[in-house]
Amino acid sequence: MKLKDLDIFVVGNQKGCWGGRYFIFVKLTTDNGLIGYGEVYASAVGPAAMSAVIRDVFERHMANENPENIEKMFRKIYSSGFTQRPDPTVIGAFSGMEIACWDILGKAHGRPVYALMGGLMNERMRSYTYLSPLPHHDVAEFWISPEMQAETAVEMVKLGFTAVKFDPAGPYTMRGGHMPAIMDIDLSVRMCAAIRAAVGNKADLLFGTHGQFSTGGAIRMGRAIEQFDPLWYEEPVPPDNVDAMARVARSVSIPVATGERLTTKAEFAPVLRAGAATILQPALGRSGGILETKKIAALAEVYNAQVAPHLYAGPVEWAANIQLGANIPNLLMVETIGTGMQGFAGDLIKKSIHWEDGFIHAPTAPGLGIEFDEALARANPYTGTGLHLEMQDEPCNYKDGNAFGGGAVD
């Protein structure tokens, strides 16, 4: 069995939906007609350029290779061009195609992917979601309204979620870590207080930040919100500064989580060695794929750390996260977008994953356990010019306030 053909779908997310502006899906076909799907979560370059990278990686290192030889292909790509170091674009391209290889292998053997990785550890996986506006909410006001976010949190608990994530802490700026404005700290405290009062002990609070603070600023914010006992403090400083993150972790009582923007065990290992985080959040469409992320999870296990696969992409990466989550012993929870079943993302996989009462059930169908709707993907090409997610150029506003818009498609 050899990898023969590659197809790429750059799919525009629908207006008002969450998960970024577009999804990049890949389809690999073998010479005996087996098909596997994967998803690339890498967007430092535009989708046309990223598609060219995916094709180059496939043609140079994967075409005519047996899809079983994942380790060999990873080493060739990791070393390509005299690199032997993490590259989020090249490894992102491989990650999506590696996921597709596992989908092929599962189908070839008639078994879910997790069965080929050591078997089933978790029949049900705890899931969490970001808080997003309810239909009657003013979308612009929602992100700075503790009352609206608390109302959404109550509805998510009613659905069965036992953890909810929110991010009131100010802008993501290309300028690097900044000191939070006092009004951002105040809003974060009021948001935590309102959500905690609304859900009580029925749900954990997941405090989302995205590397926007200086070390001192992150410590200041963390100490302000730790009275509400969040389960985690996500990426409080830029991900390229492990020592700074370790200092934050030592200075606040909230467990630090990180990993959405990291790739391969080479970037996750220093985080664990430094004690910078006790919760790792690899995104499988960027971190190296399923096998590489299983290795990352094994490293975390040695350091008594847990894994919560990250998702701000489409449903194929979600399916890969679930296969990994079903297999590893140190799973904390799996991110979903809502329940994962409603809206455009759910339609793309024909609602083929079983989510119920806050938990994801391990799929039993072969491969990733999903049915991908190629016709729907082809009918919704991305035609914009923006990247999947973008950071703002302007610095933190210390006078008029800051509001994070939630990342929905405009």
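Here, each number is a calculation from the coordinates, and none is a lab measurement. Because the structure is a prediction, the values reported are computed rather than measured. With ideal geometry, Cβ positions are generated from the backbone for all residues, glycine too; neighbour counts draw on all protein chains shown.
Testing the spin-label approximation: label points 7 Å from Cα along Cα→Cβ at Thr29 and Tyr303. State their distance in nm.
4.3 nm
What net charge do the residues around Leu131 carry, taking every other residue with its C-beta under 15 Å from that of Leu131, with Lys and Arg at +1 and Asp and Glu at -1?
Net charge around Leu131: -4.
I need Leu134, Leu34, Leu205, Leu368 ordered by Cβ neighbour count within 10 Å, fewest first.
With the sparsest Cβ surroundings first, the list reads Leu134, Leu34, Leu205, Leu368.
Which FRET efficiency value, to the nearest 0.05, is calculated for Ala379 and Val45 with the Förster distance at 41 angstrom and r the Cβ-Cβ distance?
That pair, Ala379 with Val45, gives E of 0.95.
For the range 8-75, state the average projected area of the convex hull of the C-alpha atoms over all orientations, rounded to one decimal in nm².
5.5 nm²
Straight-line reach only, C-alpha to C-alpha below 18 angstrom: list the lysines that Lys202 could link to, leaving out same-chain residues fewer than 8 apart.
Lys158, Lys165
With 10 angstrom as the radius, rank Leu131, Leu376 by how many other C-beta atoms surround their C-beta, starting from the fewest.
Fewest to most other Cβ atoms nearby, the residues stand as Leu376, Leu131.
Under 11 Å from the Cβ of Ala326, count the other residues' Cβ atoms, weight Lys and Arg +1, Asp and Glu -1, and hand me the total.
Within the 11 Å Cβ shell, the charges total 0.
Pull up the cross-link candidates among the lysines for Lys72, meaning alpha carbon to alpha carbon under 22 Å and not fewer than 8 places away within one chain.
Of all the lysines, those that pass the test against Lys72 - Cα under 22 Å, at least 8 places apart if same chain - are Lys2, Lys4, Lys27, Lys107, Lys265, Lys294, Lys295.
Give me the net charge of Gly38's neighbourhood, meaning all other residues with Cβ under 9 Å from the Cβ of Gly38; Lys, Arg count +1, Asp, Glu -1.
Once positives and negatives cancel, what remains is -3.
At what distance in angstrom do the alpha carbon centres of the range 240-274 and the range 24-93 lie from each other?
The distance from the Cα centre of the range 240-274 to that of the range 24-93 comes to 27 Å.
Could you list Asp103, Asp243 in order of exposure, starting from the residue whose Cβ has the fewest other Cβ atoms within 10 Å?
Sorted ascending by nearby Cβ count, the order is Asp243, Asp103.
Is it possible to state the helix-based mean residue ellipticity at 222 nm for the chain, with each DSSP H run of 4+ residues giving -39500 (n - 2.57), the sum divided by total residues, to the nearest 500 deg cm²/dmol? What is it?
-11000 deg cm²/dmol
Rg (Å, one decimal) plus Dmax (Å, integer) for the alpha carbons of the range 116-367?
Radius of gyration, then largest Cα-Cα span, for the range 116-367: 17.5, 52 Å.
In the range 17-66, which trypsin sites (Lys or Arg not before Pro) fall in coil by DSSP and have 15 or fewer other Cβ atoms within 10 Å?
Here no loop site has a sparse enough neighbourhood.
State, to one decimal in nm, how far the label point of Asp357 lies from the label point of Glu141, with both points 7 Å from Cα in the Cβ direction.
According to this spin-label approximation, the distance is 3.6 nm.
Express the Stokes-Einstein translational diffusion coefficient of the range 135-278 in µm² s⁻¹, to the nearest whole number, given a Kirkwood radius over alpha-carbon pairs, 20 °C and a viscosity of 1.002 mPa s.
138 µm²/s
I'd like the FRET efficiency for Leu134 and Ala274, computed as 1/(1 + (r/R0)^6) with the beta carbon distance as r and R0 of 56 Å, rounded to 0.05.
0.90
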